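The values are calculated or read from the model by the stated rules, or taken from the named source; none is laboratory data. Nothing here was measured: the structure is a model prediction, and the numbers come from that model. Note: ideal-geometry Cβ built from the backbone for every residue, glycine included; neighbour counts use all protein chains shown. Accessible surface areas use protein heavy atoms only, side chains included; no ligands, DNA or RNA. Shrake-Rupley method; radii C 1.70, N 1.55, O 1.52, S 1.80 Å.
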Amino acid sequence: KAQAHQLFILRSTREAKAKLVHSFAAVGSANMSRRYPPQRIWRSVAPLLFAVLAIAAASEPGPADGEACVRETPDDVQMLQIVASGSHLGDALAPCRKRTAEAASGGNDETPEPSKSVALALSGGGWTAFSAQLGVIVGMMIAEGLLNGEANPSLEGISLLDDVEFISSVSGGSWLITELIYSSSFIAMVHKMAADPTHMQSIFATEWLQPYLEFLDNSDNLTEYINTLAQELGSDSLNQLADMLGTMRQALNKHGTWSDVIRQFLNKTADIQPELTLNSAHANKWAQGKVWMACNSLAFPHGQDQVWAYVSSPLGNDYVRYWSASGTTASAPLVIPTKISWRIGDTAATASPMPFVAQSALPFQSTLVWEGVQDAVDGEVVPSISTAWNSTTGPLGDLAALQRGTLPVYQVTASSSALYGGMALDSTDGMALSSTDDLFGLRGPVYAAAHPRAGGNPFAVASDILNSMAANDSVDEHATTSLGEAGVVGLFDGAYTDNSAIGHAVEAGATLVTSLIWGGFRAIVRLFIEESFQASTVEGYPSAIFGLFTFPEATLKGATAYDHVQMLITDFTVMDTIGSQRVSAIQFGQLQLVTRANPWFGIEEGRNVTLTVLNVNVTLGGLDAEGAPVVAETDATLLQDVARDITKILCASSNNATTQRLVQSLKKQ
């Protein structure tokens, strides 16, 4: 009876009936083949018989097996107008659901394994990733709402993300998911956009963009900074820097930090207060119970490399820096994949559901050496002139201080998006950091203490020590000792280890991962290298890439996984962009993968993973026709265009089948 009731509440479709009849036949034949007594056969099949009878009594008529859906699907304009007017389209599309589901599953009619778990991975990419992923989510909400006859879809009211257990994010993806999880005003705006897609651009402009532009206006003039930056770093860097630094002018305030920037940004655009913590009970309902992983990268330099945490200006005579004292070897990456995680809405837990760093990546006994120097000459300690102090940290352990629910949300998000943290990782004398610090007053990494006293905020403890040096523009023994005693470490953007955010989703145990990326498949292809890691760069600064996946041996046919994945990507579905000026391409595809053993992520070998990828190519920011950087308000107003265009593309009738496959990828079945 319990099984009958459970099946009774499912949608009564012909597909469900077929599955039950198939199961009934399978159970009956299996039991008969084993020559079980009749009483045992009856006990085995009776629940299924009850279920068949219950569903047959409640079922609605649909197209016969093999019958085509004859009802016309509205085009994109009609779809948007129907939703905006409050009309329902669920009945019109219901007969097509079976065919759509079969297309999404490739015709596989098998019941999914109970152990499957779903993850949504949001890649990095600043404002481009933010706006592109916002458009994708709104578009999927509309599509799901249409299929269920819901004219006012909300993440709480539709099943779009119900099956998603893990959400991993990097940089711009972390900005978006932070506001979706913790801001009631932002989620309300998203719901308005989904309910009224014909006016979503004006809704976004009024409720999000205008506060954001006000945030940008609280800053100094930008032009001289960009010009000086171009001279410092060369024109090749401008294209990437303009989008980030130009639209984040608040970051240029003297002696500011990246955490300060993100705090003000989240507060202005989404009313997220600085005191809001990960374990807040006020997280939005749709996210309750899901595990969020804000992916970042731990800077753990060795050999000739150091992290320059502070360099006095203008000549860099005083500085503090750190490097690994133990726990890593010359063959280890300079940055290690890490993440701060929490089960949303869990107010009782005392620790995060996932470790901050894999134990196989950072042994518990690992330590750092902090060095403070006064009166250095060209970055070097000269005994007759300079004064130097060293302070070795205690064992970092598992950095339990970064596994607490009491961590402020804005600081977690800042640690996941510190793109220019790599400026501090260098083997030279730190002069590049000195000139950048003098120019921007911007502390690139987000620093945290592994050993804050009395359960203090690890971000605040580290920041207080570094702020004292910045205020005095000098280094002393007390500050150096404090850095070592607190076990301060530097955290960079997750892009320094995995800009796709897929790695930590797989580490968490997800077997069905949907990845939203932009600008091409580079972040995906990199996951297929044969080595456990390779040295690489982000914006010219040291980073690493990690080999996480291969394919079943039979499918490779002698090719490397790296080459094979690139071949498969060429066969991905290309969606119709319906004449968008901002979206040049959207590509969709699915890959059946097998994990490689990777100690840096703590991933074991031989797990089967289905990876669904949606890549969005967007034109946003960069350089204009004259070669000048497109920044600030000019870039910001394009965000609404990108979000609108992607929503329209996903809702276009020509893309209906692909959009439904994307939505289906977020389900366990």
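Which one of these does LYS668 not meet: (1) among the basic types (Lys, Arg); (2) surrounded by 17 or more Cβ atoms within 10 Å (Cβ to Cβ); (3) modelled with pLDDT of 90 or more?
(2)
Answer yes if at least one residue in the stretch 553-576 is under 22 Å from ALA132 (Cα atoms), free of Cβ contacts under 8 Å to residues at least 12 places away in the same chain and either out of contact with any Phe, Trp or Tyr (no Cβ under 6 Å at 6 or more places or on another chain) or surrounded by fewer than 16 Cβ atoms within 10 Å (Cβ to Cβ) (or both), and no otherwise. Spell out how you get there, then give the answer.
Within the stretch 553-576, the subset under 22 Å from ALA132 (Cα atoms) is 569-570, 572-576.
So of that shortlist, the ones also free of Cβ contacts under 8 Å to residues at least 12 places away in the same chain come out as 570.
Filter once more, so that each one left must be either out of contact with any Phe, Trp or Tyr (no Cβ under 6 Å at 6 or more places or on another chain) or surrounded by fewer than 16 Cβ atoms within 10 Å (Cβ to Cβ) (or both): 570.
Yes: the stretch 553-576 contains one or more residues that are under 22 Å from ALA132 (Cα atoms), free of Cβ contacts under 8 Å to residues at least 12 places away in the same chain and either out of contact with any Phe, Trp or Tyr (no Cβ under 6 Å at 6 or more places or on another chain) or surrounded by fewer than 16 Cβ atoms within 10 Å (Cβ to Cβ) (or both).
Every residue in the stretch 568-586 that is under 20 Å from THR514 (Cα atoms) and either out of contact with any helix residue (DSSP H, G or I) (no Cβ under 8 Å at 6 or more places or on another chain) or modelled with pLDDT under 95 (or both), please.
LEU568, THR570, ASP571, PHE572, VAL574, ALA585
Step by step: first the residues of the stretch 110-125, then only those that are of a type in the set (Ser, Thr, Tyr) and surrounded by fewer than 24 Cβ atoms within 10 Å (Cβ to Cβ), then the one that is modelled with the highest pLDDT. Which residue is that?
Filtering the stretch 110-125 for residues that are of a type in the set (Ser, Thr, Tyr) and surrounded by fewer than 24 Cβ atoms within 10 Å (Cβ to Cβ), the one modelled with the highest pLDDT comes out as SER117.
Every residue in the stretch 514-557 that is in contact with a helix residue (DSSP H, G or I) (Cβ under 6 Å, 6 or more places away or on another chain), within 24 Å of LEU425 (Cβ to Cβ) and of a type in the set (Ser, Thr, Tyr), please.
Scanning the stretch 514-557 gives TYR541, SER543.
GLN590 versus (1) in a strand (DSSP E or B); (2) open to solvent by less than 50 Å² (accessible area, probe 1.4 Å); (3) modelled with pLDDT of 95 or more: which is the lone unmet condition?
Going through the list (1) in a strand (DSSP E or B); (2) open to solvent by less than 50 Å² (accessible area, probe 1.4 Å); (3) modelled with pLDDT of 95 or more, GLN590 breaks only (2).
All but one of (1) in a strand (DSSP E or B); (2) open to solvent by less than 10 Å² (accessible area, probe 1.4 Å) hold for LEU362; state the number of the condition that does not hold.
Failing condition for LEU362: (1).
Name the residues in the stretch 275-305 that are among the small types (Gly, Ala, Ser) and closer than 30 Å to ALA325 by Cβ, would you?
ALA294, SER297, ALA299, GLY303
Looking at (1) touching a residue at least 12 places away in the same chain (Cβ under 8 Å); (2) not in a helix (DSSP H, G or I), which is the only condition GLY157 fails?
The one condition GLY157 does not meet is (1).
Would a scan of the stretch 167-184 turn up a residue that is small (Gly, Ala, Ser), over 25 Å from GLY520 (Cβ atoms), assigned to a loop (DSSP other than H, G, I, E, B) and open to solvent by 20 Å² or more (accessible area, probe 1.4 Å)?
No, because not a single residue in the stretch 167-184 is small (Gly, Ala, Ser), over 25 Å from GLY520 (Cβ atoms), assigned to a loop (DSSP other than H, G, I, E, B) and open to solvent by 20 Å² or more (accessible area, probe 1.4 Å).
Just for the stretch 487-530: of the residues that are open to solvent by 10 Å² or more (accessible area, probe 1.4 Å) and among the small types (Gly, Ala, Ser), which one is farthest from LEU666 (Cα to Cα)?
Among those that are open to solvent by 10 Å² or more (accessible area, probe 1.4 Å) and among the small types (Gly, Ala, Ser), it is ALA495.
For THR128, state whether it is over 21 Å from SER184 (Cα atoms), open to solvent by 10 Å² or more (accessible area, probe 1.4 Å), modelled with pLDDT under 90 and of a type in the set (S, T, N, Q). Can you show your working first?
Details: over 21 Å from SER184 (Cα atoms): yes; open to solvent by 10 Å² or more (accessible area, probe 1.4 Å): no; modelled with pLDDT under 90: yes; of a type in the set (S, T, N, Q): yes.
Judged against the criteria, THR128 is not a match.
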